[in-house]
Amino acid sequence: MSRGPALLVAAVLGTATAAERPDPAQVQARAFDPDFGIAATALVLARTVEMYQWQEVERGALPEYVQEWVETPIDSSGFVLPQGHANPPMPFGSARFPAPEVTYRGEPVDLTAWEATSDRLPLDVDVAVLPPNLAASLQPGDGGLTSSQDPAVPRVGDIRLRWSIVPVSALPPLERKGPGWVPHGTQATVDAIPGLPGTDRVRPGLWAALVVLLLVIGVLLWHGRGSARTRRR
């Protein structure tokens, strides 16, 4: 292929690639943790709570008991030897708070069923922004906030909290659902094509690839006919 057709194909490919880039979603209302009064301009605000608890470990005839940070509450009433190994109830639990209003191309994005397990960024929280009753019982420590008087020497019942966010850049491709959009795993961004039934799940990348393929074939056929005429002369 001569340089002219090759450049044309490269230009077409570049145009198709640029056309596939989705518009960024917009956070219209911030994600908010109502228990601690923390807000963030993000798709999701996540709160992780751990409590220093007794754990029963079976080793030999009698269990052993160790103290560790655990995110879920451990019911110590079921221990073989509960006396001296009591765990208090957890005052707070881990939770996720999707932004109440996110839009894409002016239409709503529903994040309620989206489990964002990656691409989280830690969020630094200042004790000063907390409600007074919580600010009085927490201090910085262990990469977040903790109720431990000495973060290096926690006691059973101490809690530690960390917050993280899922930024807009982590939003996966979207698909149509009802009047708006929902994240859809790794599927390419879906855009409904009016008037064509069943195309609300067609990937724009496939259309672009088909157009590029047809253009390349056309360029090759045109170039081939031109070469044939040159040889006949």
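Please treat every number below as a calculation from the coordinates, not as lab data. Computed from a predicted model, the values in this text were never measured in an experiment. Here the Cβ positions follow ideal geometry from the backbone for every residue, glycine too, while neighbour counts run over all protein chains shown.
For LEU45, what is the net charge nearby, where nearby means another residue's Cβ is under 12 Å from its Cβ and Lys, Arg count +1, Asp, Glu -1? Working shown, then result.
Numbers: positive: ARG30, ARG47, ARG96, ARG120, ARG162; negative: ASP33, ASP35.
Cβ neighbours under 12 Å give a net charge of +3.
What list of ³J(HN,Hα) values in whole Hz, one per residue of the stretch 134-142 in order, does the Karplus curve 6.51 cos²θ - 1.76 cosθ + 1.60 (θ = phi - 60°) give from phi, with Gly and Pro shown as x?
Values per residue, Gly and Pro as x: 7, 4, 6, 10, 10, 8, x, x, 6 Hz.
What full-extension length gain, to one decimal in nm, is calculated for ASP150 and VAL70 as 0.36 nm per residue of separation minus the Cα-Cα distance? Don't jump to the answer; show the numbers that get you there.
Numbers: separation 80, 0.36 × 80 = 28.80 nm, distance 1.81 nm.
Net length gain for the segment: 27.0 nm.
Please list 3J(HN,Hα) in residue order for the stretch 31-45, calculated via the Karplus relation 6.51 cos²θ - 1.76 cosθ + 1.60 where θ = phi - 60°; whole Hz, with x for glycine and proline.
For the stretch 31-45, the Karplus curve yields 5, 9, 9, x, 5, 10, x, 9, 10, 8, 7, 7, 5, 9, 10 Hz.
To the nearest 0.05, what FRET efficiency results for GLN55 and LYS177 with a Förster distance of 41 Å applied to their C-beta separation? Intermediate results must be reported in sequence, preceding the final value.
Numbers: r = 42 Å, r/R0 = 1.03.
Between GLN55 and LYS177 the formula returns 0.45.
Count charges around GLY93 for me, please; just the other residues with Cβ under 15 Å from its Cβ, Lys/Arg as +1, Asp/Glu as -1. Write down the numbers at each step before the final one.
Working: positive: ARG47, ARG96, ARG160, ARG162; negative: ASP33, ASP35, GLU50, GLU71, ASP75.
My count for the surroundings of GLY93 gives -1.
Mind checking the stretch 32-73 for GluC sites (Glu not before Pro) that DSSP puts in a loop (not H, G, I, E or B) and that have at most 15 other Cβ atoms within 10 Å? The partial results should precede the final answer.
Values: sites: GLU50, GLU56, GLU58, GLU64, GLU68, GLU71; in loops: GLU58, GLU71.
Listed in order of number, the matching sites are GLU58, GLU71.
Amide H to amide H under 5 Å from TRP181: which residues, 5+ apart in sequence or cross-chain, H placed 1.01 Å off N in plane?
Those qualifying (amide H under 5 Å, at least 5 residues apart or on another chain) are VAL109, ASP110.
Tally Lys/Arg at +1 and Asp/Glu at -1 over every other residue whose Cβ is under 12 Å from the Cβ of VAL57; what's the total? Working shown, then result.
Values: positive: ARG59; negative: GLU56, GLU58, GLU64, GLU68.
With Lys, Arg at +1 and Asp, Glu at -1, the net is -3.
Relative contact order of the stretch 39-193: what whole-number percent is it, with Cα pairs under 8 angstrom and at least 6 residues apart?
Numbers: 271 pairs, mean separation 43.6, N = 155.
Relative CO of the stretch 39-193 lands at 28 percent.
Taking amide H atoms as placed 1.01 Å from N in the peptide plane, list the residues 5 or more away in sequence, or in a different chain, whose amide H sits under 5 Å from that of GLU101.
Distant-sequence amide H within range of GLU101: GLN28, ALA29.
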